[in-house]
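I have placed the structure first, in the form of structure tokens, so that the comments after it can refer back to it.
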């Protein structure tokens with residue numbers, strides 16, 4: 001008779017180790033499993049780290065993200081077959097937000113693309129990067145080469161003092177504006193730096209060879225304006241900025257229209273089509289989606305978390321919460337979720353149910369905290 005302990009036992013899931021794993025632990029990082037890796041959720045505390053980024057500069061390790069380089073003849077047209085961006089109009093060194101879509105218009109991932117001189121650089125979410133790679137390889141023609149840049153680490157330096165710190169270390173980065181990037185040399189180490197991030201603050205994302213990332217992290221945190229920041233504050237910052245998180249606020253059941261990401265559908269692509277889900281998405285744009293992603297200001301002090309139900313005044317289930325927490329910069333709990341389209345009007349009062357308790361909330365415009373990106377006009381005017 002077989003030992004029951006050996007029957008149908010799932011294979012243990014191996015958790016990956018990022019290049020800065022030991023560095024995080026030495027800095028006092030409290031490590032948790034996230035997106036298949038050990039990652040720091042906090043160092044000093046989420047509230048303190050959140051406020052530090054809003055006032056100074058925080059260093060985030062986002063090396064779990066997937067960095068891809070696509071190249072080959074007909075690349076622009078091939079990519080336009082899988083994402084709704086106007087890839088052909090993407091200028092050298094410019095960056096654009098886009099979506100990987102399923103045939104039904106659902107979102108498989110959200111991503112960033114940049115035009116390099118040797119192809120299109122793409123950053124995808126860590127939790128689904130291997131699914132994305134497989135999906136892209138299945139759909140892109142054989143003439144397109146996809147290189148998973150797994151020998152690169154990725155850092156994000158975010159906050160109002162990020163530009164001063166990084167420009168001292170890598171002169172010239174201050175000339176970049178939001179959603180542009182360039183290649184730089186730092187003591188013989190090649191870097192790709194873009195002025196972007198996912199906190200709503202000004203800041204930069206830095207692709208660096210994995211074998212040099214610890215030296216760069218040390219150099220950045222040697223500045224008095226910079227502290228290492230964990231996943232907890234990254235989440236509260238992006239929630240205040242009204243930025244959706246894949247796997248929570250975005251998934252294959254939500255479309256760009258439902259999720260209020262219509263800006264990612266380029267005008268030419270809307271008119272010409274040719275990307276997955278085009279027909280459904282255009283119908284939703286014209287007739288409206290059944291549900292919409294909204295921001296919610298929650299009354300009281302207790303946060304409402306993902307999974308809470310949204311109910312109307314008659315007690316009907318009209319939506320769900322996909323992200324929620326206490327917002328340090330707002331000084332109150334906030335949430336993001338999907339509600340019936342007729343209720344997605346700012347000022348609409350709704351009730352949220354969590355663990356048998358009812359919370360009251362008001363639909364509000366996002367972001368909850370204004371973005372502080374440095375755009376081209378700000379640089380030109382000296383603002």
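Numbers below:
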{"read-out": "Region 128-147, residues that are surrounded by fewer than 18 Cβ atoms within 10 Å (Cβ to Cβ) and within 30 Å of residue 219 (Cβ to Cβ)", "value": "147"}
{"read-out": "From the options 185, 131, 138, 167, residue that is over 28 Å from residue 245 (Cα atoms), in a helix (DSSP H, G or I) and free of Cβ contacts under 8 Å to residues at least 40 places away in the same chain", "value": "167"}
{"read-out": "Residues located in region 1-27, provided they are modelled with pLDDT of 95 or more and part of a helix (DSSP H, G or I)", "value": "21, 22, 23, 24, 25, 26"}
{"read-out": "Within region 206-216, tally of residues that are surrounded by fewer than 24 Cβ atoms within 10 Å (Cβ to Cβ), over 11 Å from residue 151 (Cβ atoms) and touching a residue at least 40 places away in the same chain (Cβ under 8 Å)", "value": "2"}
{"read-out": "Of all residues in region 28-43 being in contact with a helix residue (DSSP H, G or I) (Cβ under 8 Å, 6 or more places away or on another chain) and either in a loop (DSSP other than H, G, I, E, B) or not assigned by TED's automatic domain parsing to the domain that holds residue 202 (or both), the one that is surrounded by the fewest Cβ atoms within 10 Å (Cβ to Cβ)", "value": "36"}
{"read-out": "Out of 68, 75, 93, sole residue that is surrounded by fewer than 23 Cβ atoms within 10 Å (Cβ to Cβ), touching a residue at least 40 places away in the same chain (Cβ under 8 Å) and under 18 Å from residue 36 (Cβ atoms)", "value": "68"}
{"read-out": "Among residues of region 192-205, those that are surrounded by fewer than 23 Cβ atoms within 10 Å (Cβ to Cβ) and out of contact with any helix residue (DSSP H, G or I) (no Cβ under 7 Å at 6 or more places or on another chain), counted", "value": "2"}
{"read-out": "Some residue of region 148-169 being closer than 21 Å to residue 237 by Cβ, surrounded by fewer than 18 Cβ atoms within 10 Å (Cβ to Cβ) and assigned by TED's automatic domain parsing to the domain that holds residue 51", "value": "yes"}
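Each row is one residue, and each column tells you yes or no for (1) free of Cβ contacts under 8 Å to residues at least 24 places away in the same chain; (2) part of a helix (DSSP H, G or I); (3) under 20 Å from the mean Cα position of the chain (by Cα); (4) not assigned by TED's automatic domain parsing to the domain that holds residue 45.
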{"position": "281", "(1), (2), (3), (4)": "no, yes, no, yes"}
{"position": "285", "(1), (2), (3), (4)": "no, yes, no, yes"}
{"position": "297", "(1), (2), (3), (4)": "no, no, no, yes"}
{"position": "320", "(1), (2), (3), (4)": "yes, no, no, yes"}
{"position": "323", "(1), (2), (3), (4)": "no, no, yes, yes"}
{"position": "335", "(1), (2), (3), (4)": "no, no, yes, yes"}
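The values are calculated or read from the model by the stated rules, or taken from the named source; none is laboratory data. What you are looking at is a predicted structure, and each value in this text was computed from that prediction instead of being measured. FYI the Cβ positions are ideal-geometry reconstructions off the backbone, even for glycines, and counts take in every protein chain you see.
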